[in-house]
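Student: I am attaching a structure below and will ask some questions about it afterwards.
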Amino acid sequence: MDDLIGLVEVWAVDKGLDSADSFKQFAKVAEEFGEIAAALARSDKEELRDAIGDTVVTLIILAKQQGMDLEECLQTAYDVIKGRTGKTVDGLFIKDGDRHGC
């Protein structure tokens, strides 16, 4: 995985995306995120695989633009959720104390 992330980062530098506008990059993240929803709605596994991959690529680039890396961001998120308690309701995890939960 580290090799792939590194290849994406090099690609982003080669394309000048590492220093581009992060808000525009976020718009690209949102676009790819929408493609995930479309693929799920159509039950299209191949499109889903591509859309998830494209979303990860856009997130790697966004992190790089902000002087971060994907692993660091993922570690931060995991550190927050690793001790989280709650329950899964209809396939959705509802953390304890979430007012929207059941």
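Student: Taking each full run of DSSP H in the chain as one helix, which ones are at least 20 Å long along their axis (Cα atoms) and have mean Kyte-Doolittle hydropathy of at least -0.5?
Tutor: Result, helices passing both filters: 22-41, 45-65.
Student: Can you tell me what percent of all Cα-Cα pairs in the chain are more than 23 Å apart? Write out the running numbers ahead of the final one.
Tutor: Details: 2245 of 5151 pairs.
Considering the chain, 44 percent of its Cα-Cα pairs are separated by more than 23 Å.
Student: With the crude spin-label approximation of a point 7 Å out along Cα→Cβ, what separation in nm comes out for residue 14 versus residue 73?
Tutor: 2.1 nm
Student: Evaluate the distance, in nm, between pseudo-label points positioned 7 Å from the Cα of residue 27 and of residue 88 along their respective Cα→Cβ axes.
Tutor: Taking the two extended label points, one gets 3.8 nm.
Student: Say the dipole of region 2-68 comes from +1 at the beta carbon of Lys and Arg and -1 at that of Asp and Glu; which of 17, 66, 52 then lies farthest toward its positive end?
Tutor: Value computed over the given set: 66.
Student: Counting only helical runs of four or more DSSP H residues, what would the 222 nm mean residue ellipticity of the chain come to if each run contributes -39,500 (n - 2.57) and the total is spread over all its residues?
Tutor: Calculated at 222 nm, the ellipticity per residue is -21500 deg cm²/dmol.
Student: If I build a Gaussian network model for the chain, linking alpha-carbon pairs within less than 10 angstrom, which residue out of 69, 18, 50 has the largest mean-square fluctuation?
Tutor: 50
Student: Nearest 20 debye, what's the magnitude of the dipole of the chain about its Cα centre given +1 on Lys and Arg Cβ and -1 on Asp and Glu Cβ?
Tutor: Values: 12 positive and 21 negative charges, 107 e Å.
The calculation lands at about 520 debye.
Student: Quick one: how many lysine pairs does the chain have with C-alpha atoms less than 20 Å apart and a gap of 8 or more or different chains? Give me the count, please. Don't skip to the answer; put the middle values down first.
Tutor: Values: 15/24; 15/28; 15/64; 24/64; 28/64; 82/95; 87/95.
Taking the Cα cut-off of 20 Å, the pair count is 7.
Student: Here's a follow-up. Quick check: from the Cα gyration tensor, does region 40-91 come out rounded (a/c under 1.5), prolate or oblate?
Tutor: Oblate, because a/c is 1.5 or more while a/b does not exceed b/c.
Student: Grab the beta carbon distance between residue 7 and residue 44, set R0 = 30 Å, and tell me the FRET efficiency rounded to 0.05. List each step's numbers first, then the result.
Tutor: Values: r = 26 Å, r/R0 = 0.86.
Calculated value: 0.70.
Throughout, read-outs are computed from the coordinates displayed, never taken from laboratory work. None of the values given here were measured: they were computed from a predicted structure. With ideal geometry, Cβ positions are generated from the backbone for all residues, glycine too; neighbour counts draw on all protein chains shown.
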